[in-house]
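Here the structure is laid out as structure tokens; the discussion comes afterwards.
The values are calculated or read from the model by the stated rules, or taken from the named source; none is laboratory data. Model, not experiment: these values are computed from the prediction. Here the Cβ positions follow ideal geometry from the backbone for every residue, glycine too, while neighbour counts run over all protein chains shown.
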Amino acid sequence: MASQNGLAVQACDFGQLYVSADFHTWIPRDSHTTNDLEAVTFFGNRILVTGANGTALYSDDGATFVATNLATTDWLVGVTSSSSLAVAVGDNAAIYSSPDGARWTRQPSPPGVGANWLLGVAYGAGAFVAVGEGRYIASSANGTSWTQRSAPVGLAASESITYVAYINAASGGTNVLTEAGFLAVTDGGKAIFSADGAAWQKISSLNSTNLLFTATGNTGTRLLAGDQDVHLGTQTGAFITWPDQTGALAPAAPLWTYYSSLWDTNQLDYWLGGASGMLVQGTPTNALVNWQTPFDSPRDWLWQVTTGADLYLAVGDNARIMTSPNGVNWTAELVPSTNSVSASNTVFFAVGGTTNLLLAVGTHGSVALSPNLYYPVTTTNLDGSLATNMVSSFGLIWYPIPAPTANDLHGVGVFDSRFYLVGGSGTLLSSANGTNWSTVAVPTATYLSSIETYSNQLVIVGDAGTILTSPNGSTWSQVAPLTTNWLYRVRSVNGTLVAVGEKGTILLSSNAVHWSSVPSGTTEWLNDLQMVGGTCYVVGTSGTVLASTNLTTWLNYGTITSKSLYGAASQNGQLVVVGLEGAILRNQIVPDLTPVNFLSFNRASGLDVFLVAGQTDQQFTLDSSTNLVNWTTGPQLEILSGSGTLEFFEDTGVNAPSPIFYRATLIH
């Protein structure tokens, strides 16, 4: 992360790039790459971003980023700048310099570094400092000629210095935690300091063995963070460490892996960024820091998502059930810890049902029901009068029932007005009401993970390539296995059964008896699939997303995460995917052509202020004209809020034309 003059930037993996004016509303920007973005800094008012395979971007407004081609495969994992020179460092001892952030030149490797990675670079006190593997340190006055510096006593020869920052803020203290200078951290849990980048000392007050990835500071404190570690260096020269086991320092930073940190001079807060999009705000209070997560996102694994009554429903670890009307705004629903459900020991693997009853099922035979019942809700109108409306509890209120089996349950199906559950050890249960369950005999004891209705019959798939079929839900036959791979999920897609699973397996059938295998082009586990807008999308581990318009030829689309994806659902042309550590991804596959409307427009203090309304995830350009004939294409905007509104500010310039007309042009 980096911030300056009220603008914050986050550089992330898979080319993801976000900007924010308040650290709360983060707007994605086009980086023109899917390479991992590793570092970001400000070069004057220009934003510089570097990353994998020689990726280098720059932007002067935080909206449009320009990609430059360094013609190298070097990963550039650190970047910094003086007032006149930018320097980036990376693998193969790479050092690149640039006078403007657009044109880069590789410099000779510094002495003594060998082929080691350089992992960080900082500028301050008239010097550049680069650090890296093998406790390497070098400094330079011009970014070209480098001098190797001695690592302080106490660092192991194999220890990597993972990050370095210059903190240009001194409060007049007498210890290195309040002096201006270079602060660096290592993968051995150590911190080192130098006032000038030449002479270094180990900070003895830090007591850690975890990997540290980032460091920052303000006028009186220093912040270090890494793998399950957050440390605050105080004016006394000591470190306070979170999480504090005694609870005396609560609220503490969540136990997490943090890769980036910064001190925001506008809001006067610390910010920590880490794995799975974790963002934590730290507010200094009475010489301590009170930590909070402004985005209260559950990080539980989500195993399946489905739709019902215009709602998305996702289920996962810790008896987690989440609902969303639009794929944007999600609510964690309360599931009582009673009968078969425990908040700490229950994992819901599947959710499904009818328009009258939903079932969430999981470990140790856990079952929770959500009936479509209506309850009176009384609200107070603006004039003080009361109004009573009937509101459905469908998907919102859940009732755990006693476990009908001790085996794990992994799939929910409906056939001929009956509910079916499948799970471990060949478990198959049947019920007419979702409450009273009976066991159905099947010719296998393998783990059954998915059940689907197809052409007046039921199909079940599971471990070891198991496929079972039944015309009535009572009598079951086993299909000769085509593979020994686990078939994790089966879906009916446009008149064809598609089963996906282990080692990239994809099987197709038109009758549930005869199956054929098609190449997927991947060996990742494939976990779920969904047809949207004439294209079938399959999701799997390591962020795998495959797509096909004919179910036989598959393209690997890649995705914006390396997190494993386990469930997929769709409504209104939107695809929603869920997975590891609470990951929820969405994509409006079928464009929403509802016109964007201007709600209001004002011109004040040299700014044009627009308030527009449309549909979530709609993209459009704000075009302008002085004569309604010749139009100038304006900035590309996107409605990200669940409310479907967007407020946009634009500088009118010195001599704003009058009259001027605006239009919103949808991007298809």
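Would you say residue 629 is in a strand (DSSP E or B), of a type in the set (Val, Ile, Thr) and not assigned by TED's automatic domain parsing to the domain that holds residue 33?
no
What are the residues in region 300-348 that are under 17 Å from the mean Cα position of the chain (by Cα) and in a loop (DSSP other than H, G, I, E, B), if any?
Within region 300-348, 300, 301, 327, 328, 329, 330 meet the criteria.
For every residue, the table says whether it meets (1) of a type in the set (Phe, Trp, Tyr); (2) at pLDDT below 95.
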position: 69; (1), (2): no, yes
position: 89; (1), (2): no, no
position: 123; (1), (2): yes, no
position: 134; (1), (2): no, no
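Being in contact (Cβ under 8 Å) with a residue 12 or more places away in the chain, in contact with a His (Cβ under 6 Å, 6 or more places away or on another chain), part of a strand (DSSP E or B) and over 18 Å from residue 274 (Cα atoms) is true for just one of 56, 67, 88. Which residue is that? First the steps, then the outcome.
Values: 56 fails: in contact with a His (Cβ under 6 Å, 6 or more places away or on another chain); 88 fails: in contact with a His (Cβ under 6 Å, 6 or more places away or on another chain).
Only one candidate passes the filter, namely 67.
With 488, 537 as the choices, which residue is in a strand (DSSP E or B), aromatic (Phe, Trp, Tyr) and either in contact with a helix residue (DSSP H, G or I) (Cβ under 9 Å, 6 or more places away or on another chain) or exposed (fewer than 14 other Cβ atoms within 10 Å of the Cβ) (or both)? Let's see the steps before the verdict.
Details: 537 fails: either in contact with a helix residue (DSSP H, G or I) (Cβ under 9 Å, 6 or more places away or on another chain) or exposed (fewer than 14 other Cβ atoms within 10 Å of the Cβ) (or both).
From the options 488, 537, the qualifying one is 488.
Each row is one residue, and each column tells you yes or no for (1) touching an Asp or Glu at 6+ places or on another chain (Cβ under 9 Å); (2) within 29 Å of residue 621 (Cβ to Cβ).
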position	(1), (2)
13	yes, yes
18	no, yes
43	yes, yes
72	no, no
93	no, no
100	no, yes
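On the basis of being in the same structural domain as residue 82 (by TED's automatic domain parsing), of a type in the set (Asp, Glu) and surrounded by fewer than 18 Cβ atoms within 10 Å (Cβ to Cβ), does residue 187 make the cut? Walk me through it before giving the result.
Values: in the same structural domain as residue 82 (by TED's automatic domain parsing): yes; of a type in the set (Asp, Glu): yes; surrounded by fewer than 18 Cβ atoms within 10 Å (Cβ to Cβ): no.
So residue 187 does not fit the description; no.
Residue by residue, here is whether (1) among the hydrophobic types (A, V, I, L, M, F, W, C); (2) touching an Asp or Glu at 6+ places or on another chain (Cβ under 7 Å); (3) part of a strand (DSSP E or B) holds:
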residue: 566; (1), (2), (3): no, yes, yes
residue: 587; (1), (2), (3): no, no, yes
residue: 591; (1), (2), (3): no, no, no
residue: 595; (1), (2), (3): no, no, no
residue: 598; (1), (2), (3): yes, no, yes
residue: 602; (1), (2), (3): no, no, yes
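Scan region 1-32 residue by residue and report those that are in contact with a helix residue (DSSP H, G or I) (Cβ under 7 Å, 6 or more places away or on another chain) and surrounded by fewer than 19 Cβ atoms within 10 Å (Cβ to Cβ). If you could, list the steps in order and put the result at the bottom.
Let us first name the residues in region 1-32 that are in contact with a helix residue (DSSP H, G or I) (Cβ under 7 Å, 6 or more places away or on another chain), namely 31.
Within region 1-32, none qualify.
Consider residue 78 carefully, then state whether it is in a loop (DSSP other than H, G, I, E, B), small (Gly, Ala, Ser) and buried (at least 18 other Cβ atoms within 10 Å of the Cβ). It would help to see each step written out before you state the result.
Working: in a loop (DSSP other than H, G, I, E, B): no; small (Gly, Ala, Ser): yes; buried (at least 18 other Cβ atoms within 10 Å of the Cβ): yes.
Criteria not met by residue 78.
Please work out which residue is farthest from the chain's Cα centre (by Cα), limiting yourself to region 634-647 and to residues that are outside any strand (DSSP E or B) and under 18 Å from residue 62 (Cα atoms). Show your work before the answer.
Pass one, region 634-647, residues outside any strand (DSSP E or B): 634-635, 639-644.
Going one step further and asking which of them are under 18 Å from residue 62 (Cα atoms), we end up with 634-635, 639-640.
Details: 634: 29, 635: 26, 639: 19, 640: 15 Å.
Checked region 634-647; the qualifying residue farthest from the chain's Cα centre (by Cα) is 634.
Which of the residues spanning region 57-66 are more than 22 Å from the chain's Cα centre (by Cα) and surrounded by 16 or more Cβ atoms within 10 Å (Cβ to Cβ)?
58, 59
Within region 495-505, can you find the residues that are farther than 16 Å from residue 458 by Cα and surrounded by fewer than 17 Cβ atoms within 10 Å (Cβ to Cβ)?
503
Out of the residues in region 648-668 meeting the condition of being aliphatic (A, V, I, L, M) and assigned to a loop (DSSP other than H, G, I, E, B), tell me which one is farthest from residue 602 (Cα to Cα).
Of everything passing the filter in region 648-668, 667 is farthest from residue 602 (Cα to Cα).
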